[in-house]
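Each reported figure results from applying straightforward, stated rules to the coordinates on display, with no laboratory input. From a predicted model like this one, the values you see are computed outputs, not experimental measurements. Positions of Cβ are generated from backbone atoms using ideal geometry, with glycine treated the same way; all protein chains shown enter the neighbour counts.
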Amino acid sequence: MLVAAVVAAPVVAVAVYGAAQGPVSLPSSTGSMVVTTLLLLAGTAIGTGVLGTGLAWLVSAYDFPLRRVLSWLLVLPLAMPAYVLGFVFLSTFDYAGPVQGALRSVLGEDLPGLPVRSVGGAVVVLTLTLYPYVYLLARAAFLDLAPSAYDAARSLGASRARAFRTVLLPLARPSLAAGLALVTMEVLTDFATVQYFNVRTVSVGVYLTWKGTYDVGSAVSLALLVLMFAVAVLATERALRGRARYHQRGGRGRGLEQRRLHGWRAATACGAACTVLALAFALPVLRLVTWAASALADDAGRVVDGRFVEHLVNALVVAVVAALACTLVSLVLAHATRLGGGRGVRGAAQVTTLGYAVPGAVVGIGVLTLFVGLDRLAVALGSANGTGILVTGSVLGILVAYVVRFTAPAYQAVDASFVRIPPSVSASALSLGAGPTRLLSRVHLPLARGGVGVALTLVLVDALKELPLVLMLRPFGFTTLSVWVYELASENFWEQAALPALLIVLVAVVPVALTFRGGADRRG
Amino acid sequence: MKRTRAVLPLIALATLVPLAGCGLVGGEEADLQVYSARHYDLEEAFADFTEDTGITVEFLYGDDAELLERLKAEGDGTPADVFMTVDAGNLWNAAEQGELAAIDSPELEGAVPADLRDADGRWFGLAMRARTVVYDPEKVDPAEFDAEDTYAGLTDPKWAGRLCMRDETASYTQSLVASLIGLQGREATQEVVEGWVANDVQIMSNDVEQIETIAAGGCEVGITNHYYLARLLEEDPDLGVELYWASQDGAGTHVNISGAGVVEGSDNAADAQALLEWLATDGQSAFVDANHELPVNPDVEPEPLVASFGEFERMPVDASAYGSLNGEAVEVLEAAGYR
């Protein structure tokens, strides 16, 4: 409860701040922003749902050339920041880009421009970067959860498709819901990507109101609207999960019996997975490499200097510490939920995940307000220079903000592992005299190992990509890779920005590969 | 012991947090701390300043609105001495919020024209950018433009399907529309924006893309900051996009400023003032040239590429109008369906 309160404090501070503004006028276009947001959410949810589940099914139920490599490579788009993919996508498919240029040279100059900048375009880009959330959780569910039920259905004569539809999908529902909830919250708070595509979501409204009218109060009220969306999403997720608790009995699942595909079927399966991977990862990386190369050829001194390493180290340290902290908080929460299980604890756990659904800059204001308040309190209590470490613009501030914001993905991953631990296991450990701490370290932690690994990776990657918080809370001289990309990209120096962007992707690939490659091989 | 596994992250956390808190942030503290929403080539200008005066400077780059919120939250405890930002409206707003201190500097008053600085000395414009029309000379005869009110002239149906402009989230778009509201009133401006929309204007999310689309033949006319064109011309002199100084027979071309003020809670206001004075005089060229901006100081010449665009009349800058009307500008853009 205490942990939850600490994590939720900045969100609450923002809510109070918003409420304290009194009645504020929402912009006249709020209605159309809400509609646009709903469209974008629906589109991305369907897109990631179909793509994530479909690919997870493909690599779990069938065997085809390259399956094993593809099954973890398909996670890689997670490492690609959506704002980078958005920019690459636009520069490739927009009027002045190579694709339309080539089309025009073939089909004639009069070819009308393609409607790239639209909700549709944004849905495509967001789907391609976010589907791994669904894919990961769906694949884990197919692997660990369902084989026995699926085998039973098959042996009773159900076709593969039918068994998938009527047995596997319902069983995997909690995981799919958790994945989609993460996707939805990412989409809700996205600002950079949708802005490229001229899509007016409520989050864009927050920025427009804040920066256009200098009205922080109204902006925060709009942010609360975003938060309400998130609450609705989480409620839906809970409802989808329903009372369903599917516990794994016996040892680890051995996975589905795989059918080997041959000939054109194998080619299609492989081709589909490869296409997704190419669009979401390979092509953008290639394009970044081209830009980076041209920038290096132009003026290497301007692109690479001593600070390169410093930015990298900064980014890494913050991301690693944030990953550890978020995972720890999630573990404690999941553990407490399991032990106490009361409504209060469960509710508290839900509240901590809300930070994920608040636009980064708004979390930043919350953390700032809170820290300054603490600092003043310390001064009032007689400490000469405040709390010392609590001065604004410390790395600690960034870390706290990250924990506020990224506990959600960590908790979803850890929780998904915990629900699969049968309650009887916890109960037996307790009845055999293990204390709560011992239960956590000896029983829960080892059993939830998979989820912990996923949690660490998700937060690590998210924190590496994160921008608004670190931009707002960082101290003097503290620059990370993402800040650096932003500094260059905001002035349209994309060629120079390509190298650090590429580096973010490469660094993020490492934990993704380590975590999920092992997962794919385990079941042999 | 299995237990170590749970304790390990804790230990790691306990050691890493102070490490992150102290080790990485450290380094020599400079004399002056600058919060800046502008970053291009600041480093070189500040290095020159240190060489001239011996005062060391470090700066923190961020977004306008976020940096201002940070200043507000930090209050008197702020490490910042100078707040530098890229829009007259933002400067006005920072002063309105009480974050900037009034300074008395005859040197700055002499170097910066009256409309480009605050009457109370809380902020000073230091670099200027013009937002004007660019076009494809193969398809557009500059005589087609309305020389009296070029921005409003683009509502003429003859421009249907030929226009590119920047999206409404850009402060550039907002301040242009805010200045039009200040000049002509809200209703007339609403008609102008609706006229652009009626002409099927293509909305782009950055200025460079606008110019590149014109160069590729995707549209014929755009509205952009002059330095983006200068930057692209520097890379490729045969780009095939030309600049037209808007509204020369009327109110003049819309300009906006980057500027700075001394932060209210600064503990080194004297050096902060010295920095502003240097940037407006000896440091003007170093500050504006690399980004192809226009000097605010009339005694300083623009760099050759910008000078090649020719001299022009500018619309006077009314920072309080830019700032106070910016919200209305967003409403006008929203209401017109500018997207």
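Amide H contacts for B:Trp123 (H built 1.01 Å from N in the peptide plane; partners 5 or more residues away or on another chain; cut-off under 5 Å): B:Asp118. Placing +1 on each Lys and Arg Cβ and -1 on each Asp and Glu Cβ, with no other charges, gives the stretch B:79-220 a dipole about its Cα centre of roughly 120 debye.
Of all DSSP beta bridges confined to the protein assembly as shown, the antiparallel ones make up roughly 60%.
Just how many % of Cα pairs in chain B lie over 33 Å apart, if you round to the nearest whole percent? Show your work: numbers first, answer last.
On the way: 19373 of 57291 pairs.
That tail contains 34 percent of the Cα-Cα pairs.
Using a cutoff of 8 angstrom between alpha carbon atoms and counting only pairs six or more residues apart, the relative contact order for the stretch A:384-498 works out to 34 percent.
Looking only at other chains, what is the average number of their beta-carbon atoms within 10 angstrom of each beta-carbon in A:195-205? List each step's numbers first, then the result.
Working: counts 5, 5, 2, 9, 1, 5, 0, 0, 0, 3, 2.
Per residue, the number of nearby Cβ atoms from other chains is 3 on average.
Rounded to the nearest whole angstrom, the semi-axes of the ellipsoid equivalent to the stretch B:208-271, taken from the Cα gyration tensor as √(5λ), stand at 35, 17, 10, largest first.
Using Cβ counts within 10 Å as a stand-in for footprinting exposure, how do A:Leu456, A:Leu156 rank, fewest first?
With the sparsest Cβ surroundings first, the list reads A:Leu156, A:Leu456.
The 3J(HN,Hα) values that the Karplus relation (6.51, -1.76, 1.60; θ = phi - 60°) gives for the stretch A:449-457 are, in residue order, 3, x, x, 5, x, 4, 4, 4, 5 Hz. Gly and Pro appear as x. Fewest-first ordering of A:Tyr486, B:Tyr338, A:Tyr131 by other beta carbons within 10 Å of each residue's beta carbon gives B:Tyr338, A:Tyr486, A:Tyr131.
To make sure I understand, if each residue's beta carbon is the centre and we count other beta carbons within 10 Å, what order do B:Ile257, A:Ile421 fall in, fewest to most? Write down the numbers at each step before the final one.
Values: B:Ile257 27, A:Ile421 18.
The fewest-first ordering by Cβ neighbours comes to A:Ile421, B:Ile257.
Peptide A:87-94 shows a mean partner chain C-beta count of 2 within 10 Å per residue C-beta.
Other chains near B:201-210: what is the mean number of their Cβ atoms within 10 Å of each residue's Cβ? Present the calculation step by step, with values, prior to reporting the outcome.
Values: counts 0, 5, 2, 7, 10, 10, 2, 6, 9, 1.
Across the residues of B:201-210, the mean count of other-chain Cβ atoms within 10 Å is 5.
For the pair B:Ala143 and B:Glu44 in one chain, pulling the backbone fully straight at 0.36 nm per residue adds 31.5 nm over the alpha carbon distance.
Each peptide in B:274-280, A:64-70, A:325-331 receives the mean, over its residues, of other Cβ atoms within 10 Å, and ordering these scores from highest gives A:325-331, B:274-280, A:64-70.
For chain B, calculate the relative contact order in percent as a whole number, restricting contacts to Cα pairs under 8 Å that are 6 or more residues apart.
Working: 608 pairs, mean separation 94.8, N = 339.
Here the relative contact order equals 28 percent.
Calculate how large, on average over all directions, the projected area of the Cα convex hull of the protein assembly as shown is; give the answer in nm² to one decimal. Walk me through the numbers on the way to the answer.
Working: hull surface 150.8 nm².
Its Cα hull, projected and averaged over all orientations, spans 37.7 nm².
A simple charge model with +1 on the Cβ of Lys and Arg, -1 on the Cβ of Asp and Glu and nothing else charged puts the dipole of the stretch A:438-497 at about 660 debye relative to its Cα centre. From helices alone, chain B scores -12500 deg cm²/dmol at 222 nm; the rule is -39500 (n - 2.57) for each run of n ≥ 4 DSSP H residues, then divide by the residue total. Note on A:Asp63 and A:Ala278: the extension gain reaches 75.4 nm, defined as 0.36 nm multiplied by sequence separation minus the Cα-Cα distance.
When the protein assembly as shown is described by a simple charge dipole with +1 on each Lys and Arg Cβ and -1 on each Asp and Glu Cβ, the residue from A:His335, B:Trp196, A:Leu171 located farthest towards its positive end is A:Leu171.
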